Amino acid sequence: MSPTGPPEPAAGEPAAGESAAARRPRWGALALAGLIGIGMVRQGLSGEADGPPQPGADTALFPGDLPPDGPAPPPLPRSAPARVAIASLDVSAPLLPLGLDKDGWIEAPPADAPRLAGWYAGAPTPGENGTAVIVGHVDSRSGPAVFYGLGALEKGRTIRVTREDGRTAVFEVYGIQVFDKRKFPARKVYGRTGRPELRVLTCGGPYEAGSGYTGNVVVFARMTTTAGAAPRSR
């Protein structure tokens, strides 16, 4: 699979706090290369023969679509996220930081911990100005994994990310779409919009024996508010 190129900031320059790793050409090429090799095993999914739900046409973003209008809350300073919660999917998962592997791709969450999710530590943290990235498995040999239901998420639903500084960044979903991994639109997925954004990804699309899922489900969300008190200065 060939890289599709890096995400480019909407305003031309990276936001303050974005590391050099966040702008590396290869990390944005496909949702995450690690996901190409995980979440593809259907054995053990008794009663789930049709596979995970997939986004419908009414949740897709089309060329020229923009995030919904509305005042943006002030961006938060950098702070590692600790937990992601999607109440409508009954998801509440701890987050672990993910780096890059020896080939420059984002690492995948551990295969033996399917209820765990991860965040890419080279990008903005959730709540910072820029696009934060959270990823997780769709299924495993033992059954559905943390983001099995991601494709069924609806526009307007809320994703809450609790951070280590005690703040919670609250995001509103404005699009859910599945993209072919061979034609992954990195610019569309990772491009900056001038405000704090979040992308949540897992495997999706048709399943092919021997090669796995052919696509990635991508959730587009923007920060609408924050909760929790700011940490006290020492």
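Just so you know, all these numbers are worked out from the coordinates, no wet-lab data involved. What you see is a predicted model, and the numbers here were worked out from it, not measured in a lab. So basically every Cβ, Gly included, is an ideal-geometry build from the backbone, and we count neighbours across all protein chains shown.
Spin-label model, ASP58 to ALA80: label points 7 Å out along the Cα-to-beta-carbon direction sit 4.1 nm apart.
The distance separating the Cα centre of region 173-197 from that of region 120-151 comes to 13 Å. Listed by chain and number, the lysines placed with their C-alpha closer than 30 angstrom to that of LYS102 are LYS181, LYS183, LYS188; residues fewer than eight positions away on the same chain are left out.
To the nearest 20 debye, what charge dipole does region 106-166 have about its Cα centre, counting +1 at the Cβ of each Lys and Arg and -1 at the Cβ of each Asp and Glu? All intermediate terms of the calculation are to be shown ahead of the outcome.
Working: 6 positive and 7 negative charges, 51 e Å.
My answer is approximately 240 debye.
Hey, fewest Cβ within 10 Å first, where do LYS102, LYS183 land in order?
On the way: LYS102 5, LYS183 10.
In increasing order of surrounding Cβ atoms, one gets LYS102, LYS183.
A viscosity of 0.890 mPa s and a temperature of 25 °C, combined with the Kirkwood radius over C-alpha pairs in the Stokes-Einstein formula, give region 150-234 a diffusion coefficient of 169 µm²/s.
Determine the dipole magnitude for region 128-227: charges of +1 sit on the beta-carbon of Lys and Arg, -1 on that of Asp and Glu, nothing else is charged, the reference point is the Cα centre, and the result goes in debye to the nearest 20.
Numbers: 15 positive and 9 negative charges, 61 e Å.
Around 300 debye, computed over region 128-227.
Close amide H partners of THR125, meaning residues 5 or more places away or on another chain with modelled amide H under 5 Å apart, are SER79. Given region 77-127, what percent of its DSSP beta bridges are antiparallel, to the nearest 5? Around 55 percent of the beta bridges assigned by DSSP in region 77-127 are antiparallel ones. For region 101-234, relative contact order (Cα pairs under 8 Å, six or more residues apart, normalised by length) works out to 25 percent.
Derived scalar couplings between HN and Hα for region 86-96 equal 10, 4, 5, 10, 6, 9, 8, 10, x, 10, 10 Hz in order, rounded to whole Hz, by the Karplus curve 6.51 cos²θ - 1.76 cosθ + 1.60 (θ = phi - 60°), x for Gly and Pro. Select from PHE147, CYS203, VAL170 the residue farthest towards the positive end of the dipole of region 114-234; place +1 on Cβ of Lys and Arg, -1 on Cβ of Asp and Glu, and compute about the Cα centre. Checking the options against the dipole of region 114-234, the answer is VAL170.
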